[in-house]
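Here's the structure we're looking at; comments come further down.
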Amino acid sequence: MITDPTAEESTTEVDDSIDSMRSITDRDATRQAREQMVGERPGTLQVRENALKPRLFLISYDERFIKEQEFSNYATLRTYYEAHPQLNHWLDVRGYNDLGLMEQLMHDFNLPALQMEDVLGDYQRAKVDVLEDNRLFLVSRMTDFTPSCDIDDDQLSVFTGPNFLISFQDDYEDCLESVRNRIRSGKSQILRSSPLYLAYALTDVVLDHYYPTMAAIGDYIESLEDEIFRGRPNRRLLARILRIKKDITRFRRLVYPERDKVAELLRLPDEVLPENIKLFYRDCYDHAIQALDLAESYRESISSLVDLYLSSQSNRMNEVMKVLTIISSIFIPLSFVVGLYGMNFQHEDEHGHLMPMNMPELYSPFGYPITVAVLVLIVTVQLIYFYRKGWLRND
């Protein structure tokens, strides 16, 4: 199948413009949300205009019982929760666009207003707060490398309780399905542990999901490097390199707070976070360190890629200049010869006397072919000289 490069480039440009418009829209929404909060009393709840309608998912479980369901209204969910105090419950709220529901959840589960403000703001860095009754509030950043070669991140907010865990996120899709599958299997340690272990499992899967993101970034960097080495850099390649460099920098800003959050969890007293749970968080800390090492490595790689691109462009410019210089060097003596013979010469003076020294070969019957032969000889000698110097070879 024959592919039209022009069509491919135009399609890519359209995709880039759509992605750019989408990112601008997201930035504008975040900026507007922040501007709306300027000067407000701490703990004031506000919902972004483009937030999704909430969906309520509840997984109730213990060692012998698992039930997963989605509720269309909160009252039914609340009734079911109160009727089963012996079970652990994972309430997963996806979407924020119902301020009344958020306030009701805050009231029923005793969620602090300041933390709920962080939840609805949806631009909070990863952190941990210890609430009253030794409950925890955790924030993580879920990441994904999109097909448009951008890093997409969403906020995951988690509140723990004696027999419940409430998670908030602004999107219907997430990276937590593996945790749900572990619960559905009926064999996971989550079923035999407190909600604090479920909070660890959510943190762990978020950290584990950094690796596919970094692997996708690494593959993309290799494709850019191959494109440069193939000698096909175009006017958009540098823009793509700089964009992925910006995404890697942004990814590092997401992972650093995640590492600090896990480190702070490990420093909590045992009455807040038992030692048997800290053991698992130490593994999370190792994952965060590894993710940071990968991010640092890719940042250095992309910086080297910028230098490689600029060197490639410089080499191409040098090749162009070399060709132009060779052409100019060939035509300089030719221009001199034809310019010399293009001067106005007179065979006789004003008295009719011959002037034998005044370019006599101009009047020879073989003057033109002799001149052409001389020009060809000059070009031939120059090409032989340039070749021996290696100027005509690409090696």
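Computed from the alpha carbon atoms alone, the convex hull of the stretch 79-190 holds 132 Å³ per residue. By the rule of a C-alpha distance below 29 Å, with chain neighbours fewer than 8 residues away ignored, the lysines paired with Lys246 are Lys127, Lys261. Built from the Cα atoms of the stretch 158-212, the convex hull projects on average onto 4.1 nm², one quarter of its surface area. Entry comment: accessible area of the stretch 254-395 is 67 Å² per residue, from protein heavy atoms only and a probe of 1.4 Å. Once all protein chains are placed together, Ser297 keeps about 60 Å² accessible to a 1.4 angstrom probe.
The values are calculated or read from the model by the stated rules, or taken from the named source; none is laboratory data. Note that the structure is a prediction, hence the values are computed from the model and not measured. What goes into the accessible areas is simple: the full protein's heavy atoms, side chains included, and nothing from ligands, DNA or RNA. Shrake-Rupley method; radii C 1.70, N 1.55, O 1.52, S 1.80 Å.
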